1. Go through the range 42-67 and give me each residue that's touching a residue at least 12 places away in the same chain (Cβ under 8 Å) and either within 22 Å of the chain's Cα centre (by Cα) or over 25 Å from residue 23 (Cβ atoms) (or both).
2. Kindly establish whether residue 137 is within 19 Å of residue 19 (Cβ to Cβ), touching a residue at least 40 places away in the same chain (Cβ under 8 Å) and open to solvent by less than 60 Å² (accessible area, probe 1.4 Å).
3. Does the range 18-35 hold any residues that are hydroxyl-bearing (Ser, Thr, Tyr) and surrounded by fewer than 19 Cβ atoms within 10 Å (Cβ to Cβ), and which are they?
4. Which ones in the range 51-96 are of a type in the set (Lys, Arg) and either in a helix (DSSP H, G or I) or open to solvent by less than 30 Å² (accessible area, probe 1.4 Å) (or both)?
5. What pairs come up if the first residue lies in the range 272-301 and is closer than 17 Å to residue 167 by Cβ and touching a residue at least 40 places away in the same chain (Cβ under 8 Å), the second is of a type in the set (Asp, Glu) and open to solvent by 20 Å² or more (accessible area, probe 1.4 Å), and their beta carbons are under 9 Å apart, counting only those six or more places apart or on different chains?
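The values are calculated or read from the model by the stated rules, or taken from the named source; none is laboratory data. What you are looking at is a predicted structure, and each value in this text was computed from that prediction instead of being measured. In this analysis, Cβ positions are derived from the backbone assuming ideal geometry, glycine residues included, and neighbour counts consider all displayed protein chains. The protein model used for the area step is the full one, side chains on, heavy atoms only, and it has no ligands, DNA or RNA in it. Shrake-Rupley method; radii C 1.70, N 1.55, O 1.52, S 1.80 Å.
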Amino acid sequence: MRSPNRFAVAASALLVYTLVVVLWGAYVRATLSGDGCGDHWPLCNGVAVPVEPSLKTIVELTHRVTSGLCWVATLVMWVAALRVFERGHATRSAASWSLCFMSTEALVGAGLVLFRMVADNPSNARAAWMSAHLINTFLLLSALTWMAFSAWREDGVRFPRDKRSRRLLGGAALVVLLVGVSGAVAALGDTLFPASSLVEGIRGDLSPTSHIFLRLRLWHPVLAVLGSGYLIWLAGVLLGRKPDPIVRKLAIALGVLVLIQIAVGLLNVALLAPVPMQLAHLFIADTTWIALTLLALSSPPSTSDASLVS
């Protein structure tokens, strides 16, 4: 893989493939299949290839195999980046971070299995593990997005370093991470303690005797509304600066994705969080994060633009 164009295509394909693997991981959680291979890792129920596996085992093992291929592909891309791009090129840094977060993603996944933070485990520690898993996944998607986007640019591209840009875009990133973590806990509550009706679900959220996952679930829509407001404001500020066409499209895409996410979130609640809606909700959250990453890479806000902090 000597051609930068071929590398860019491969990096873009890896990003898409990783997104599919992430969604399959959510399916594993939503179907309580995380213990399909028992507490064995990397083996499955103590063997490399299970004989007559159950459906849960097939679901979990499929996720492990596809995740393993993800790590191998990222390793190959890192080696290729060192060969294709000159020392100091941003794509080499992006490839290194991609391999780093892909490796920590594998370690967190292994920890979930080995410490049995899967299936119907309702412990508070599981929420912490889930939160760490989601944050690492988002960082991984950012690194892969950076690698692919930078590879398409002859001189590469890096994240902005000026203070105002970091405050504006870093604040947006923290908002998305906070909403994402609250969403992960809410989804866990939906999976472990399914409600038979919307009224029953609301009662569970408000009851002081309910499990903490249910009581925390109420905060997700609150944080989501506040976070959505910030992201829409950010898109409006960037559009108000009359940016170049690429940034304009990304800012519009960010705003549209946020609005779609709100609608999908409401529908998810109304339908009592069926698995397909949970996956759709996560998919839009991931694409919103990717859009925000692309926006940061495409148009660092000017340090001289006072409107960004007014």
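1. Narrowing the range 42-67 to residues touching a residue at least 12 places away in the same chain (Cβ under 8 Å): 42, 44-45, 50, 53-64, 66-67.
Within the range 42-67, 59, 60, 61, 62, 63, 64, 66, 67 meet the criteria.
2. Values: within 19 Å of residue 19 (Cβ to Cβ): yes; touching a residue at least 40 places away in the same chain (Cβ under 8 Å): yes; open to solvent by less than 60 Å² (accessible area, probe 1.4 Å): yes.
So residue 137 fits the description; yes.
3. 27, 31
4. Of the residues in the range 51-96, the ones of a type in the set (Lys, Arg) are 56, 64, 83, 87, 92.
Of everything in the range 51-96, those that are of a type in the set (Lys, Arg) and either in a helix (DSSP H, G or I) or open to solvent by less than 30 Å² (accessible area, probe 1.4 Å) (or both) turn out to be 56, 64, 83, 92.
5. 299/244; 300/162; 301/162
Here is a yes/no grid of residues against (1) closer than 27 Å to residue 13 by Cα; (2) assigned to a loop (DSSP other than H, G, I, E, B); (3) open to solvent by less than 20 Å² (accessible area, probe 1.4 Å):
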position: 110; (1), (2), (3): yes, no, yes
position: 125; (1), (2), (3): no, no, no
position: 144; (1), (2), (3): yes, no, yes
position: 147; (1), (2), (3): yes, no, yes
position: 158; (1), (2), (3): yes, yes, no
